[in-house]
Amino acid sequence: MNKKIRLIYILWNSYNGSSILSYLIGSSPKVNFIWETKHFNRIQREKETECTCGKNQFDCEYRKPLYEKNYKNIWRPGIYFKLIIFFQILIWINFSKNKKKKSDLTKLFQNTQKIYNNYDGYILDSSKSAWRLSQLVQQQDLDIKVVYIQRDFKNNVASFVGHGINFFKSIMIYKSNHFTIDRFLKTSHIEHLKIEYKDFCENTSKTAEDLWKYLDLDYKNYLDMLKTKEFHVLTGNSGTRSQLIKGFENIKYDDKWKKVLKNRQQKIVKILD
């Protein structure tokens with residue numbers, strides 16, 4: 001009987017600190033960080049995308065074999081599918097009970113194991129999507145560890161706004177994702193480690209210790225590991241990517257909301273929080 005593929009899955013919103021958390025987790029030599037599988041289709045059409053190693057993604061020795069083995073379209077849910085999943089979450093459907101045969105995603109992870117000869121370690125997918133996770137938990141060949149990073153309402157909304165997303169749309173994204181993810185985790189009884197973004201930044205050593213216990217991976221020297229490991233990531237927070245390319249220094253708490261949100265917007269967020 002084949003061993004299950006050990007997968008670490010990052011869950012929550014965009015612009016929530018998941019980039020730096022993913023790098024910390026991926027700094028372990030036992031973790032293959034393949035980035036966000038939800039973007040595999042799109043990113044392969046962008047010929048000029050540069051990897052954090054400094055090479056074009058198609059010249060990168062780490063990413064090139066991934067594309068050669070997995071160039072087939074990788075599933076990504078559309079609006080209709082998301083509505084169905086949302087309705088199922090509302091009526092308390094337990095997704096983890098409905099085990100299916102292998103999907104394209106399972107095959108991608110199997111190929112990743114072969115490419116990097118890492119059958120005892122983890123594969124890290126930082127897609128964050130609950131819709132994608134709802135399908136992954138149904139794959140019988142996957143052993144999934146979910147790391148759920150949550151950023152406070154005000155900061156996450158500010159981060160959305162800072163990236164050019166409308167203020168009220170940012171609120172809707174946060175509130176809908178918060179409801180959907182919390183309900184999904186409860187209905188499917190998925191084991192997960194919850195990390196608060198602020199605690200992670202201000203007491204990173206404690207987060208590293210929690211990750212160590214949850215994943216059984218040694219993160220005692222996480223700063224040295226972040227400084228020395230070469231990552232092969234294509235997108236994410238530009239500041240974090242810059243640190244990895246130039247040389248990692250430290251993990252900082254981002255409080256840019258103080259400058260991004262106007263006084264009126266801060267008052268609205270305070271009322272809705």
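All of the numbers you see were taken from the coordinates with simple rules; none came from a lab. Everything numeric in this text was worked out from a predicted model, so none of it was measured. Virtual Cβ from ideal backbone geometry, glycine too; neighbours counted across all protein chains shown.
Counting only Cβ charges, +1 for Lys and Arg and -1 for Asp and Glu, the dipole size of region 5-272 around its Cα centre is about 1040 debye. Taking other C-beta atoms within 10 Å as the exposure proxy, W92, W35, W131 rank W92, W131, W35 from fewest upward. In this Cβ point-charge picture (+1 for Lys and Arg, -1 for Asp and Glu), region 1-135 has a dipole of about 700 debye about its Cα centre. With a Förster radius of 30 Å applied to the beta-carbon distance between K186 and D216, the computed FRET efficiency rounds to 0.75. Taking Cβ atoms as reference points and 15 Å as the exclusive limit, the residues near K267 contribute a net charge of +4, counting Lys and Arg as +1 and Asp and Glu as -1. Under a 5 Å amide H cut-off, with hydrogens placed 1.01 Å from N, I8 pairs with I123, L124, D125, K145 among residues at least 5 apart or on other chains. Separation of the alpha carbons by more than 29 angstrom is noted, of K55/K258; K30/K69; K145/K262; K82/K267; K114/K145, for K55/K258; K145/K262; K82/K267. Distance between the 7 Å Cα→Cβ label points at R76 and I91: 3.0 nm. Convex hull volume per residue, computed on the Cα atoms of region 118-273, equals 142 Å³. Fewest neighbouring Cβ atoms within 10 Å first, the residues R76, R151, R42 line up as R42, R76, R151.
By the helix-only formula, in which each DSSP H run with n ≥ 4 contributes -39500 (n - 2.57) and the sum is divided by residues, the chain has a 222 nm mean residue ellipticity of -13500 deg cm²/dmol. Positive-end ranking of I85, S159, I123 along the dipole of the chain, with charges on Cβ about the Cα centre, is headed by I85.
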